[in-house]
1. Take the stretch 21-59 and flag every residue that is under 23 Å from residue 69 (Cβ atoms) and touching a residue at least 40 places away in the same chain (Cβ under 8 Å).
2. For residues in the stretch 5-19 being under 20 Å from residue 108 (Cα atoms) and without any contact (Cβ under 8 Å) to a residue 60 or more places away in the chain, which is surrounded by the most Cβ atoms within 10 Å (Cβ to Cβ)?
3. May I ask you to list the residues in the stretch 99-113 that are in a loop (DSSP other than H, G, I, E, B) and under 15 Å from residue 61 (Cβ atoms)?
């Protein structure tokens, strides 16, 4: 996983399925992107706009418990959001407050499945 505070500026990486890092940033506005790479060269990204003010700022903590998360599925070729589950042969769900498995004891769990191929892993459709 990695943090890009600006395009082409990889500021931090970690191997594994979780990341907890305090990235010091100068005052300004950042179009930050978090990237998770798989072992086959694929990636998932999440973008967030961050404004850092002089004299300190806010920290994001317990984001897994925050409201506003949504559940959507996307087909392999169309990449058009569908919801609610199941739709277009895709089933999905998320659950906040998961105790185990969890490093903190309060994680968010995601599940994706169904009868439609959802992604290609190194040439094999799953």
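Read the figures in this text as sums done on the coordinates, not as results from a lab. In this text the structure is predicted, and so the values were computed from the model without any measurement. All Cβ positions, glycine included, derive from the backbone under ideal geometry; neighbour counts span all protein chains shown.
1. Within the stretch 21-59, 38, 42, 50 meet the criteria.
2. This residue is 19.
3. 103, 104, 105, 106
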